[in-house]
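Input: a single structure, listed below in structure tokens.
The values are calculated or read from the model by the stated rules, or taken from the named source; none is laboratory data. Bear in mind that the values here come from a model prediction, so they are computed numbers and not experimental data. Cβ sites come from the backbone with ideal geometry, for glycine too, and all protein chains shown count toward neighbours. The protein model used for the area step is the full one, side chains on, heavy atoms only, and it has no ligands, DNA or RNA in it. Shrake-Rupley method; radii C 1.70, N 1.55, O 1.52, S 1.80 Å.
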Amino acid sequence: MSEPILALTGIRREIQEGGRTRPILSGIDLVVSPGQLVALVGPSGCGKTTLLSVAGALDADYQGEARLLGQDLRQLNDDARTRLRNEQLGFVFQAFHLLEHLSVAENVAVPLWLRDPPIPEVQANLQVQARLDEVGLGDRGNESVRQLSGGERQRVAIARALVGGPKLLLADEPTGNLDQVTGAKIAELFEQIRKLDCAVLIATHDRSLAARADQVIELGVP
Amino acid sequence: MRLGALLRRDLARSRRKLASVGLAVAGSVAVITLLGSVALGLYQGVVAPLLPRLPLDLLKVEPKTVSVGLLALDAGALGGGLDEVALARLRKLEGVTAVYPVVGSAFPISASGGEGFLGRRLRADIFATGLDPALVGGDVAKGYSFEDRSEGPIPVLVARRLLELYNSTVASAIERPKLSAEMVIGFQFELVLGSSMARGTPDPNRVSTRVAQVVGFSDHANLVGITIPEATLRRLNAGYDRPVSPLAAAYVKVDGPGRAGPVSQAIERAGLAVDETPKIIGTALTIAAVVLGLFAVMLLLLAAFGITQTFFLLVAERRLELAILRALGARAGDLARLVLWEASLVGALGGLFGVIVGASVAWVLDRVVIGQLPDLPFRPEHVVAFSPALLLGAAFLGVVAAFLGALVPAWRAAGANPATALRS
């Protein structure tokens, strides 16, 4: 059996709210292997997004152990976690979170712009074009993202998440802002992504998307 | 590529807000450039030519002429007025390196001549003082000497200020051309020793004539007469039954401008007066420099404050965007650098624009003011001046102000929590 991409063991997370401590996650265990599609489901406030933040090396204020590609995230400093996010992880958000002042191709290129050491421009452009072709927007690179529909924007976000060749894609309600038909197309894209040996961890309310998962983790409100 | 691509696009997107920041920087830099060019112009045109005439390590000591009798009562260590004993004690003061007496004449003198300059021969009473060549040797024209000699023309130094006064007021009044120093050097006239219109002729048997020759201009020379070598005047005084020459004043050289204050106080405690002109001018210059400096600092602080406000706003507006960048792989330092680079570029452009505007206004001001200035002795050719250090320095201050103003917003940008991007 191949080594897991992500292994979360006994993850607990609390937040301070009005002077009181409120538990968000209480002892979550999770293993994601290469090429797996794992769905996190549960009611609002159950901690799906918080768990994605921990898995995505964005939130270091947790208890338990989180290992990404064999590395204990707690042992990494901020710069090392940042490098890990840039090189090994991809993020897709419910609200797309594209940079509105950039074109479609520029949005996709941002993770490559941030890479250290820098990637040569010609190579970066080729990678960007390849990802746009994969999501069906190969001829829209020069357009402003403001001109795109919701589904198209989410496809740009997925192309951006994939451009650096990640091992794990984290998606938070990726179909939450889309109609059923468009959502289904996005779900198809995730199916294709897992075939690229990239694991996908999705937080979703969308039962049809969760039905495609190899593993469904049901989170309850602690 | 790193941040360059993001920086270019951010600058293009925020150009209106950044333009306002740039204008704030430009305004401050323009005023600083204007003030700096005026200060430099006045320094080069007025202060710098004046400073050598007021060396701060050379004090002019005079007896307190109004109340000599009373002074004698309070004079203490020096024992009263200025005499050879007082000179000896001045030489012993701590910090004093040399004392040069200004010897007065003990007999009447008149002079005649001036046909070449004035159009007719003129005779007038004059006063003579004697100075040590060691003090004024640097003022003697090349090829001439200020040493005492019993034969030949008596070397004469003339006050530089006298030439300036002649050129600025007298020449036009008597409809004669202005004179340059070169025209006057070498000019000879006749001295009548032992006779003058005011004092008459005390002893007709001791009247003699000597030829005098102008050998240079000096700021230490007697303004209303001539200055000749100290030894010459002492010798002439002795010929008129004054073996001990009267002393009009003395120049006291101290070992550095910093000593001037304590030595002045010691001299004044001894009952003598010290010419305070250099001290007053030095203080005025210091105060002017401090006021200008404070004004420039305040302007920069105001510009920096405006920049801080604007960049706080920009960072707040881009909070989500900064968090997304963090999620996608921007380090905290990258975000801070992004903000600081933006600010510095805007500061540099604003600074450059400010320098151009400030220098242009200064140039126009120079044209206007110079045309209005009366024909003063110290009339400068320009009231403003520019130097590469001033212009580059002013532009650089724009960058510094923008950089400092953006520091706290940059720090806040670096602290953007990437987890918020997922929750938003």
- Message: I'd like the orientation of helix A:180-195 relative to chain A: the angle between its Cα long axis and the longest Cα principal axis, in ° from 0 to 90, rounded to 10.
- Response: 80
- Task: Mind putting together the pair-distance distribution for chain B? All Cα pairs, 20 Å bins, whole percent per bin, short to long.
- Result: 20, 35, 23, 16, 6, 0
- Query: A:LYS167: which aspartates and glutamates have alpha carbons under 15 Å from its alpha carbon, excluding same-chain residues fewer than 8 sequence positions away?
  - Reply: A:GLU3, A:GLU87, A:GLU191, A:ASP197
- Task: Can you pull the one-decimal nm distance between simple spin-label points at B:VAL85 and B:SER112, each 7 Å off the Cα toward Cβ?
- Result: 4.4
- Query: In the full protein assembly as shown, how much of B:ILE356 is accessible to a 1.4 Å probe, in Å² to the nearest 10?
  - Reply: 100
- Taking every DSSP beta bridge that has both residues in the protein assembly as shown, what percent is antiparallel when rounded to the nearest 5? 65
- With x for Gly and Pro, the residue-by-residue ³J(HN,Hα) of region B:104-110, computed from phi through the Karplus equation 6.51 cos²θ - 1.76 cosθ + 1.60 at θ = phi - 60° and given in whole Hz, is x, 8, 9, 9, x, 9, 9
- Message: Just checking the output field for A:161-174: average partner chain Cβ neighbours within 10 Å of each residue's Cβ?
- Response: 1
- Find which of B:GLY27, B:PRO63, B:ALA106 sits farthest along the positive direction of the dipole of chain B, computed with +1 on the beta-carbon of Lys and Arg, -1 on that of Asp and Glu, about the Cα centre. B:GLY27
- Among B:ALA414, B:VAL214, B:THR97 - extreme Cα towards positive end, dipole of chain B, charges at beta-carbon: B:ALA414
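Sort B:PHE187, A:PHE91 by accessible area with a 1.4 Å probe, largest first. If you can, show how the numbers build up before the last one.
Numbers: B:PHE187 55, A:PHE91 5 Å².
Sorted by accessible area, descending: B:PHE187, A:PHE91.
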- Note on the structure: In whole percent, the fraction of accessible protein surface over region B:106-245 that belongs to carbon or sulfur atoms, probe radius 1.4 Å, stands at 56
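Ignoring ligands, DNA and RNA, how much accessible area is buried between chains B and A, both sides summed, with a 1.4 Å probe, to the nearest 100 Å²?
On the way: alone 22140 and 10740 Å², together 30230 Å².
Summed over both sides, the interface buries about 2600 Å².
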- Estimated inter-spin distance, B:LEU165 and A:ARG115, nm [label 7 Å along Cα→Cβ]: 8.4
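Can you put B:ARG326, B:ARG149, B:ARG210 in order of accessible area, largest first, using a 1.4 Å probe?
Working: B:ARG326 10, B:ARG149 80, B:ARG210 45 Å².
So the residues, ranked largest to smallest area, are B:ARG149, B:ARG210, B:ARG326.
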- Message: Helix-only mean residue ellipticity at 222 nm, chain A, DSSP H runs n ≥ 4 weighted -39,500 (n - 2.57), per residue, nearest 500. What is it?
- Response: -10500 deg cm²/dmol
- Helical mean residue ellipticity (222 nm; -39500 (n - 2.57) per DSSP H run of 4+; nearest 500) of chain B: -17000 deg cm²/dmol
- Would you mind working out the magnitude of the charge dipole of the protein assembly as shown relative to its Cα centre, with +1 at each Lys and Arg C-beta and -1 at each Asp and Glu C-beta, to the nearest 20 Debye? 440
- Query: Amide H neighbours of B:ASP219 under 5 Å, counting only residues 5+ apart in sequence or on other chains, H built in-plane at 1.01 Å?
  - Reply: B:ARG160
- Message: Given a 1.4 Å probe, show me the residues in region B:1-31 buried by at least 30 Å² of accessible surface when comparing the whole protein assembly to the chain alone.
- Response: B:MET1, B:ARG2, B:LEU6, B:ARG9, B:ARG13
- Quick one: order B:ARG319, B:ARG379 from most to least accessible surface, probe 1.4 Å. B:ARG319, B:ARG379
- To the nearest 10 degrees, how steeply does helix A:78-88 sit against the main Cα axis of chain A, on a 0 to 90 scale? 60
- Item | Where Cα atoms sit under 29 Å apart: lysine pairs in chain B separated by 8 or more or lying on different chains | 12
- Those residues of region B:322-336 for which accessible area with every protein chain present is at least 40 Å² below the isolated value (1.4 Å probe): B:ILE324, B:ARG326, B:ALA327, B:LEU328, B:GLY329, B:ARG331
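For the protein assembly as shown, what is the accessible area per residue in Å², given a 1.4 Å probe and the full set of protein chains?
Working: 30230 Å² over 646 residues.
Dividing the accessible area of the protein assembly as shown by its residue count gives 47 Å².
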- Given 5 Å bins starting at zero, what is the percent of C-alpha pairs of region B:191-320 in each, up to the one with the largest pair distance? 2, 7, 9, 11, 10, 9, 8, 8, 6, 5, 4, 4, 4, 3, 3, 2, 2, 2, 1, 1, 0, 0
- Message: Given R₀ = 35 Å, what would the calculated FRET efficiency be for B:VAL244 paired with B:GLU381, taking r from the Cβ atoms and rounding to 0.05?
- Response: 0.15
- At 1.306 mPa s and 10 °C, Stokes D of region B:106-245 from Kirkwood alpha-carbon radius, µm² per second: 102
- Query: Which helices of chain B meet both criteria: a Cα extent of 24 Å or more along the helical axis and a mean Kyte-Doolittle score no lower than 0.5, with helices taken as whole DSSP H segments?
  - Reply: B:15-42, B:277-317, B:332-372, B:388-414
- Message: Rounded to the nearest 5, what % of DSSP beta bridges with both residues in region B:106-245 are antiparallel?
- Response: 60
- Fraction of beta bridges assigned by DSSP in chain A that are antiparallel (%, nearest 5): 50
- Heavy-atom accessible area of B:GLU115 with all protein chains present, probe 1.4 Å, nearest 10 Å²? 90
- Round to a whole angstrom and tell me the spacing of the C-alpha centers of region B:167-243 and region B:342-363. 57
- Message: Along each principal axis of its Cα atoms, how long is the protein assembly as shown end to end? Whole angstroms, biggest number first, please.
- Response: 138, 53, 39
